[in-house]
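What follows is a set of notes on a single structure, which appears directly below.
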Amino acid sequence: MIGSLVATAFWAMLPAYVPNNAAVLAGGGRPIDGGREWRGARLLGDGKTWRGTAVGTLVGVCLAVALNALADPASAALGVNLPTFALPAAFALAFGAMCGDIGASFLKRRSGRERGAAFPGLDQLDFVVGALALAFVVDTDWAVAVFTPRVLAVVVVMTPVLHVVTNVGAYRLGLKDEPW
Ligand code: CTP
Ligand code: K
Ligand code: MG
């Protein structure tokens, strides 16, 4: 029971988990805010770029398409009914994750945190809120069917754990400047 909930939650959130990590690898180039400031601090900061956002979104959508091809065998192997992703849902999860992260940077700058500063809680869940919110708006029927209250509960507990593990890993590998 809990195993199938975890499998479903992880599978359904993968197109939202991967974009931020892809953005770390692809980042650079022009910042989205164009260097603009607002109330004495950058609007978003140099850590939110057009390239990182575009590549992250694209990687998330491509991952969802790949998962669609694997859904049947993976479901059979695990004995779970794993969902497939229509393009609007895939885009919503990936782009929503990037937007949640961008929104968090906006809040960090407003609260005086420099680029790269930690904001515990927000760092671990910003992209989940963005991804789920956009998915529920863009493909409501799909989101309601996949993200049942139990699956959502697993997502909220599991995501911070995965976030900490992947970011510490990326930091140790020298891919990321901070371990959060
Ligand atoms: N990145 C990007 N575009 C995004 C998100 C991330 O280019 N939309 C890249 C940037 O190179 C960024 C790195 O991924 O520095 C790490 O992402 P993140 O930790 O979210 O950004 P920070 O640099 O820590 O900036 P902030 O304090 O605003 O979160
Ligand atoms: K972040
Ligand atoms: Mg950071």
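The values are calculated or read from the model by the stated rules, or taken from the named source; none is laboratory data. These numbers come from a predicted model, not from an experiment. Quick note on the areas: whole protein, heavy atoms, side chains included, nothing else; ligands and nucleic acids left out. Shrake-Rupley method; radii C 1.70, N 1.55, O 1.52, S 1.80 Å.
Taking a quarter of the surface of the Cα convex hull of region 2-172, what do you get in nm²?
Across all orientations, region 2-172 yields a mean hull projection of 10.0 nm².
I'd like to check one number: the per residue accessible area of the chain, probe 1.4 Å, reported in Å² as a whole number.
Accessible surface, normalised per residue, equals 51 Å².
Carbon and sulfur atoms: what percent of the 1.4 Å accessible area of region 2-172 do they account for?
Accessible surface attributable to carbon and sulfur in region 2-172 totals 68 percent.
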